[in-house]
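Take a look at the structure below.
Derivation of every value follows stated rules applied to the coordinates shown; laboratory data play no part. Since we're looking at a predicted model, the values are computed, not measured. Positions of Cβ are generated from backbone atoms using ideal geometry, with glycine treated the same way; all protein chains shown enter the neighbour counts.
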Amino acid sequence: MKIYKVKSFAKINLVLHVTGKLKKLHKIESIIKFIQLHDLITIKIAKGSNHKISFNGHFSKNIKKDNTVDNLFKILDDKNLLNNKKFQIKVKKNIPQEAGLGGGSMNAATILNFLIEKKFIRIKQKKILQITNLIGSDVILGINPTSAILSSNGAVKRFLKTSSFYTLLVRPNFGCSTKKIYSGVKKFSKPVLNNPNKNMLNLRLLLKYENALEKIAFSKYQNLEKLKLFLEKLNQPLFVRMTGSGSVLVAYYQRKRDCELAKVKFKRKFRNYWCNTSKTI
């Protein structure tokens with residue numbers, strides 16, 4: 001029986017603005033890139049009447065039964081899109097949870113993309129969006145993991161051949177609750193990314209924008225702000241910014257050597273914190 005292995009890449013938000021609220025969900029606009037850091041997913045057709053989904057690896061602890069991968073297969077079964085085929089899925093978790101790296105969302109997107117590419121399911125683009133939105137608003141980004149701008153109206157514009165960065169990712173010994181961070185949003189930004197173009201990915205404009213969730217995270221988790229100030233002094237990064245709702249902070253560099261040296265210095269000071277160097281893709 002054929003076994004497939006696919007990479008599920010982490011995403012980072014270079015920019016994130018909260019522009020409003022629709023029922024329970026916040027509306028955001030964001031500039032996104034993917035990085036080489038990835039979970040590894042093994043897929044094969046399973047015997048029996050149930051899907052077999054398991055997680056292993058460093059960041060596999062405390063994954064809930066009600067996770068994105070389980071939810072994806074429940075939706076596909078409910079819509080009878082798999083023609084009663086069952087799958088065995090093993091996810092090796094290298095991407096930390098509660099980090100702002102979209103690990104769970106990208107797992108679901110990667111598996112859905114695989115099922116479409118291998119023609120296990122046949123659906124139109126509109127249906128793909130419906131399925132991904134049932135799992136999470138950021139899942140659609142992982143269907144085609146390239147640099148992208150997510151507008152506040154939900155539209156995604158993808159860009160090829162954009163400038164790349166070397167990134168130092170650091171996570172303290174705690175995660176940030178997405179719910180807790182978004183509950184702290186008291187004011188909304190005016191949308192500035194509704195007419196996306198490649199120039200918005202230029203460094204000059206990236207420096208002009210922000211992650212609006214940063215201040216909220218810093219007020220709730222004060223060690224994060226101290227960590228950012230420390231990172232800003234490590235080998236002159238282009239900029240340092242939290243990704244998603246945290247807790248991972250990302251320092252951006254133009255040169256690989258500067259990034260690697262920054263990692264060495266960081267590990268000397270914070271031996272027990274997770275850190276990783278990764279290039280944008």
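With an 8 Å cut-off on Cα pairs and a minimum separation of 6 or more residues, tell me the relative contact order of the range 62-166 in percent.
Details: 75 pairs, mean separation 24.4, N = 105.
Relative contact order for the range 62-166 comes out at 23 percent.
By the count of other C-beta atoms within 10 Å, a proxy for reagent exposure, SER164, SER49, SER278 are ordered fewest to most as SER49, SER164, SER278.
Please work out which option in (1) 18.1, 52; (2) 18.8, 56; (3) 24.2, 77 gives Rg and Dmax of the Cα atoms in Å calculated from these coordinates, and answer with its label. Answer by label: (2).
Where a ≥ b ≥ c are the square roots of the eigenvalues of the C-alpha gyration tensor, would you call the range 136-281 rounded, which needs a/c under 1.5, or, failing that, prolate if a/b is larger than b/c, or oblate? It is oblate, given that a/c is not under 1.5 and a/b is not larger than b/c. Label-to-label distance for LYS256 and TRP274 is 2.4 nm, based on points extended 7 Å past Cα in the beta-carbon direction. Highest mean packing first, where packing is the average number of other Cβ atoms within 10 Å per residue, the peptides 249-261, 119-131, 65-77, 5-17 line up as 5-17, 249-261, 65-77, 119-131. Applying 1/(1 + (r/R0)^6) with R0 = 25 Å to the Cβ-Cβ distance of ASN50 and LYS124 gives a FRET efficiency near 0.35.
Once you have a ≥ b ≥ c as the square roots of the Cα gyration tensor eigenvalues for the range 4-141, tell me rounded if a/c is under 1.5, and otherwise prolate or oblate according to whether a/b is larger than b/c. If you can, show how the numbers build up before the last one.
Numbers: a/c = 1.81, a/b = 1.31, b/c = 1.39.
Oblate, since a/c reaches 1.5 and b/c is not below a/b.
Which whole-number percentage describes the relative contact order of the range 1-121, with Cα contacts under 8 Å and a sequence gap of 6 or more? Each step should come with its number before you reach the end.
Values: 202 pairs, mean separation 38.7, N = 121.
Taking the mean separation of contacting Cα pairs over the length of the range 1-121, I get 32 percent.
By the gyration tensor of its Cα atoms, with a ≥ b ≥ c the square roots of the eigenvalues, what is the shape of the range 140-225: rounded for a/c under 1.5, prolate for a/b over b/c, or oblate? Note, shape of the range 140-225 comes out prolate.
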